[in-house]
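Visitor: Shown below is the structure under consideration.
The values are calculated or read from the model by the stated rules, or taken from the named source; none is laboratory data. Just so you know, these numbers come straight off a predicted model, no measurement behind them. Surface accessibility is based on the protein's heavy atoms, side chains included, excluding ligands, DNA and RNA. Shrake-Rupley method; radii C 1.70, N 1.55, O 1.52, S 1.80 Å.
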Amino acid sequence: MKQAYISDQDFQNISCTDQPFEKGEYENCTFRNCNFEYADLSGFSFTDCEFIGCNLSMAKLIKTAFRAVHFKECKMLGLQFNECNGFGLSFTFDECALNNSVFYNTSVKKTVFKNSRLIETDFAESDLSQSVLKNCDLSGAIFDRTNLEKADLRTSFNYSIDPSVNRLKKAKFSLSEVHGLLDKLDIEIDRN
């Protein structure tokens, strides 16, 4: 069955709970205030697209392709990015809520996460090298055998990263949050 090819379209205020979204390949499209909560986006392809103010929480992403996709002010709770099509996987996140999402064993090199909440997000065994996590809340985020080489976390906070099991060469951290690299040692650090 041939999938639809849709380009240069602006979608506003659509809801997948009212009617299923047409499966296909979307290129250079903008989605504004759309509701994809619990939608099955498996096999969809998004290239050079922008999602603004959308809710994608708990959407199915099996073999979904995201290539040069920008998410802004989106609610994206519990997404399984590890199930996406890995070929050309690239996106940026700005002011998004990605709590409880999974990037397990996923290559997301050079990804920009800006002003986002990544609470209890799973980055175990993922490749975040050269990524920028700017002003992000990483409370309870899982870093286990994660590649953070040359990543920039200088303005992020609430992380706990064990340097003995993660790759941190040339990663950037702020002095005020460096205690997040020492949590494993169970020592008390005076913040005065």
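Visitor: For a quick check of understanding: with a 1.4 angstrom probe and all protein chains in place, what accessible area in square angstrom does CYS16 have, to the nearest ten?
Guide: Counting only protein heavy atoms, CYS16 exposes about 30 Å² to solvent.
Visitor: With an 8 Å Cα cut-off and a minimum separation of 6 or more residues, compute the relative contact order for the chain in percent. Can you show the working numbers first?
Guide: On the way: 586 pairs, mean separation 20.3, N = 192.
With pairs under 8 Å counted, the relative contact order is 11 percent.
Visitor: Provide VAL165, VAL102 ordered by accessible surface of protein heavy atoms (probe 1.4 Å), highest first.
Guide: Numbers: VAL165 65, VAL102 25 Å².
Of VAL165, VAL102, the descending order of accessible area is VAL165, VAL102.
Visitor: Need one value: the accessible area of PHE143 in square angstrom, 1.4 angstrom probe, rounded to the nearest 10.
Guide: For PHE143, solvent-accessible area is about 20 Å².
Visitor: Rolling a 1.4 angstrom probe over the protein heavy atoms, how many square angstrom per residue are accessible across the chain? Please list the in-between numbers first.
Guide: Working: 10140 Å² over 192 residues.
Result: 53 Å² per residue.
Visitor: Provide ILE14, ILE6, ILE62, ILE161 ordered by accessible surface of protein heavy atoms (probe 1.4 Å), highest first.
Guide: Descending order: ILE62, ILE14, ILE6, ILE161.
Visitor: While we're here: Taking amide hydrogens as modeled 1.01 Å from N in the peptide plane, which residues meet the under 5 Å criterion relative to THR92, leaving out close sequence neighbours?
Guide: Distant-sequence amide H within range of THR92: VAL69, HIS70, PHE71.
Visitor: Out of residues 5 or more away from THR64 or on other chains, whose amide H comes under 5 Å of its own, with H placed 1.01 Å from N in the peptide plane?
Guide: GLY43, ASN85
Visitor: How large is ³J(HN,Hα) for each residue in the stretch 44-49, as worked out from phi by the Karplus curve 6.51 cos²θ - 1.76 cosθ + 1.60 (θ = phi - 60°), to whole Hz, x for Gly and Pro?
Guide: 6, 10, 10, 10, 6, 9
Visitor: Further, regarding this structure: Counting DSSP beta bridges with both partners in the stretch 1-158, what percentage is antiparallel, nearest 5?
Guide: 0 percent
Visitor: Show me, for the stretch 68-84, the HN-Hα J-couplings you get by feeding each phi into the Karplus relation (A = 6.51, B = -1.76, C = 1.60, θ = phi - 60°), rounded to Hz, glycine and proline as x.
Guide: Per-residue couplings from phi come out as 6, 9, 10, 10, 10, 6, 9, 9, 9, 6, x, 7, 9, 5, 5, 8, 5 Hz.
Visitor: Could you list which residues have their amide H under 5 Å from that of VAL132, counting only those 5 or more apart in sequence or on another chain, with H placed in the peptide plane?
Guide: When sequence neighbours closer than 5 places are left aside, the close amide H contacts are THR111, VAL112, PHE113, ASP152.
Visitor: When only Cα pairs under 8 Å and 6 or more residues apart are kept, what is the percent relative contact order across the stretch 40-124?
Guide: Normalised by residue count, the contact order of the stretch 40-124 is 24 percent.
Visitor: Can you pull the percent of the stretch 82-192's accessible area that's carbon plus sulfur, 1.4 Å probe, other chains left in place?
Guide: Here carbon and sulfur together make up 46 percent of the probe-accessible area.
Visitor: Top to bottom by accessible area (1.4 Å), largest first, where do GLU73, GLU125 land?
Guide: Ranked from most to least accessible, the order is GLU73, GLU125.
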